[in-house]
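Asks: Structure below; questions to follow.
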Amino acid sequence: QVQLVESGGGLVQAGGSLRLSCAASGSRVSGGVMAWYRQVPGKQRELVADISSGGTSNYADSVKGRFTISRDNAKNTVTLQMNSLKPEDTAVYYCNVRFFGNYWGQGTQVTVSS
């Protein structure tokens, strides 16, 4: 069983930056896909970015060029660097790992004020 704990959310003004981190425990997940999703009330959870075990990343069009996903397989962590934040980035952000199962963190709130 994999447990995921996110950190780094908060309130920031438009144009600012935040860095989200997610630490996995219970099992090494270096062979799995790690990802960040986000969700706003009344809407479906959407993929923000994911990264394969080999380091290949994929981004939603809305965040390309502003967000960067990275992982540290030795530390069992995934990070999302978010720059040039916009009010529409406001959401609860969830860490996700797909590795012999589909695991979710508890979510961390990101609020971008205009």
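Asks: If we keep just the residues of the range 77-114 that are modelled with pLDDT of 95 or more and of a type in the set (Phe, Trp, Tyr), which is nearest to Arg38 (Cα to Cα)?
Replies: Across the range 77-114, the extreme among qualifying residues is Tyr93.
Asks: In the range 68-94, what residues are in a strand (DSSP E or B), over 16 Å from Thr111 (Cβ atoms) and either touching a Leu at 6+ places or on another chain (Cβ under 8 Å) or not hydrophobic (A, V, I, L, M, F, W, C) (or both)?
Replies: Thr68, Ile69, Ser70, Arg71, Asp72, Thr77, Thr79, Gln81
Asks: I'd like to check something: does the range 41-56 contain any residue that is of a type in the set (D, E, K, R), open to solvent by 60 Å² or more (accessible area, probe 1.4 Å), within 12 Å of Asn96 (Cβ to Cβ) and assigned to a strand (DSSP E or B)?
Replies: There is at least one residue in the range 41-56 that is of a type in the set (D, E, K, R), open to solvent by 60 Å² or more (accessible area, probe 1.4 Å), within 12 Å of Asn96 (Cβ to Cβ) and assigned to a strand (DSSP E or B).
Asks: Still on this structure, I have one more. Taking the range 1-22 on its own, how many of its residues are part of a strand (DSSP E or B) and open to solvent by 50 Å² or more (accessible area, probe 1.4 Å)?
Replies: Of the residues in that region, 6 qualify.
The values are calculated or read from the model by the stated rules, or taken from the named source; none is laboratory data. This structure is a prediction, so every number in the text was calculated from the model and none was measured. Virtual Cβ from ideal backbone geometry, glycine too; neighbours counted across all protein chains shown. Surface areas here come from the heavy atoms of the whole protein model, side chains and all, with no ligands, DNA or RNA. Shrake-Rupley method; radii C 1.70, N 1.55, O 1.52, S 1.80 Å.
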